[in-house]
Amino acid sequence: MQAPSIGGVQIPRGNGAMIRLPRGASLADFADKISANPASLVQVVFTQLGEMVTATQSCPEETLQLLGTELGWEVRIVTPEEEDAELLARFDLEFDAEEEDETTLVVRPPVVTVMGHVDHGKTKLLDAIRSTDVVRGEAGGITQQIGAYQVRTEVDGTERTITFVDTPGHEAFTAMRARGAQVTDIVILVVAADDGVMPQTIEALNHAQAAHVPIVVAVNKVDKEDANPAKVRQQLTEFGLVAEEYGGDTMFVDVSAKARLGLDALLEAVVLTADASLDLRANAGRHAEGVAIEAHLDRGRGPVATVLIQRGTLHVSDSIVAGEAFGRVRAMLDEKGKPVTEAGPSRPVQVLGFTSVPGAGDNLLVVPEDRVARQIAEQRQARERYAELAKSRGRMTLEDVLERIKQGELNELNLILKGDGSGSVEALEDALVQIDVGEEGEVGLRIIGRGVGAVTENDINLAKASDAVVIGFNVRPEGKARELAEREKVDVRYYSVIYQAIDEVEAALKGMLKPEYEEVQLGTAEVREVFRVPRIGNVAGSLVRSGSIVRNSKARLIRDGAVVADNLTVDSLRRFKDDVREVLEGYECGIGLGSFNDIKVDDVVETFELREKPRS
Ligand code: GDP
């Protein structure tokens, strides 16, 4: 076969030789590896693969692979972990060479995530378990909510510890798994005995099974009259979960999170399942490695991350890096808010001392020096930027673009996500990008910004600049952001339930719906007298004729049946000398319409609001 030759420049062929490229590499990176001219690769990609990519743009993995195949090179995309390993090797930090023989391993507690259908009692169950330390019999022992906690229980006369991840639901579980962080050893699948197996029960079960994580079924709400725990067992056999009492190997425990029944039995089942099917041991003696399961910015304490230690022991003053964040452990707190100086395998601790907020699912690593932590973090930041670029650009070929523009089909929904924690933002992002938008090419979804914390003016500006919608999950707008959004007509939507956000975005994607508004009349008032108030202007002394007049509502003025002014606002509203928010039908009040002064006796003030019309 002829080597492709562009403009007389030969591109070296690999004949199957391997080159290693980081995720999100550009054609220039590729060219560098094979000593070719980057421009020639751009041409090959265009002519052979039909994609338009510049030399320095980062490429999707598929493009790099296809180009490799085209030129006879085997392209190996180096995973972030491998890249890290290379990075560490460069710093002479070959941790993994550390001995991990039988003698260094200690038993570690199982890490449990609670999943199940909405309203089946996941949160209640986690709360019930959290507030009961079974061994100590303490109630209300754990006060802080740090994203995970440990409880002790007695099994066969031995005290055993279990770690619970406190963010229920499979979105978080899956988002972390997608980042290669599997923290969960056992899933407790909560099924309400009065409701039985529901769609998210099955989803949760699929996620757990896909991750090869053993399941313990908590049949909840057995205190209810219409509870039918036997039916739950029977329903789940269809999904391969057969109760022990029916000859299977899944433990089902009847519980009531509300009445606190069966909690010890549930904890025991977790321990027994762990003992039976898992070998949970880790080296506690080495430098710590773990996963950030939750992180947020605390006003007073700066970035705060809950880290679940997986191997080794984390100490105060260790230099650490987690994802793109780095720092040095300034303090560690347990779930009771008590400072701890070290944390071993399966232990969740809140870590203070990061210089920025890590992402949920980011791996935490201890390195010997702050300098190294910073360098690794910087490398990762650069890599992430590449990957983002590759992701946001998608894989649209030039033909596609032209075709779609011609058809007037090119349509994209840009989103900016803000949430109360990195876990929720990632879970949301993950779920959103998976939305099936039906016919290929109908509408695309692009997440152009994400972050932890309130919706800021910055977010609004970004949204404005790129016609994006802002989604706030469990957060509110900061200071002037709300006004700015109103002024700039930026759509900001707030949610506190992930499903709701997803449903709405999906609906929007399916039709790219613009909200429709309808006017709803709030009230009318008849002007009886006009007062001149110094520095304020004319105020309409009125009698409310229908409905009510509400301060700040929109208003128009009607004279002899004709609208004389629209677009007014009830700027001030008074009863006698008092400012009031609302005046009801039959009462008198003073209405100020801002700088609008042309008010006459017998005019009618009509107030209304615009309500979003529900779609059918
Ligand atoms: P989640 O959506 O799975 O986290 O469900 P929640 O924990 O929020 O519980 C949903 C509803 O079920 C709440 O009103 C709980 O009080 C109620 N609930 C939870 N567990 C029990 C239980 O064991 N018995 C009864 N009767 N109600 C429960």
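For this structure, a couple of remarks:
- Residue in segment 24-35 that is over 30 Å from VAL187 (Cβ atoms) and at pLDDT below 80 present: yes
- Selected residue (only one of LYS613, LYS510, LYS514 is surrounded by 12 or more Cβ atoms within 10 Å (Cβ to Cβ), at pLDDT below 90 and within 30 Å of VAL433 (Cα to Cα)): LYS510
- Scanning segment 167-180 turns up no residue that is part of a loop (DSSP other than H, G, I, E, B), in the same structural domain as THR237 (by TED's automatic domain parsing), at pLDDT 80 or above and over 26 Å from ALA282 (Cα atoms).
- Among the residues listed as ALA292, ALA305, ALA331, ALA276, the single one being part of a strand (DSSP E or B), under 24 Å from LEU105 (Cα atoms) and not basic (Lys, Arg): ALA292
- Single residue of segment 269-278 satisfying the filter (within 32 Å of the chain's Cα centre (by Cα) and closer than 15 Å to GLY157 by Cα) that is surrounded by the most Cβ atoms within 10 Å (Cβ to Cβ): ALA269
- Cβ-Cβ under 8 Å pairs, at least 6 apart or on other chains, segment 252-265 side part of a helix (DSSP H, G or I), far side of a type in the set (S, T, N, Q) and more than 10 Å from the ligand (Cβ to nearest atom): LEU263/THR132; ASP264/THR153
- For the condition assigned to a strand (DSSP E or B), surrounded by fewer than 22 Cβ atoms within 10 Å (Cβ to Cβ) and at pLDDT below 90, VAL135 does not qualify.
- Within segment 239-258, considering residues that are surrounded by fewer than 17 Cβ atoms within 10 Å (Cβ to Cβ) and under 32 Å from the mean Cα position of the chain (by Cα), the one farthest from the ligand (Cβ to nearest atom): GLY240
- Residue in segment 55-80 that is surrounded by the fewest Cβ atoms within 10 Å (Cβ to Cβ), counting only those that are in contact with a strand residue (DSSP E or B) (Cβ under 8 Å, 6 or more places away or on another chain) and in a loop (DSSP other than H, G, I, E, B): THR56
- Restricting GLY586, GLY594, GLY547, GLY590 to those that are touching a residue at least 12 places away in the same chain (Cβ under 8 Å) and either assigned by TED's automatic domain parsing to the domain that holds GLU483 or exposed (fewer than 12 other Cβ atoms within 10 Å of the Cβ) (or both) reduces the list to GLY586.
The values are calculated or read from the model by the stated rules, or taken from the named source; none is laboratory data. These figures come from a predicted structure and were not determined experimentally. Here Cβ is always computed from backbone atoms with ideal geometry, including for glycine, and neighbour counts include all displayed protein chains.
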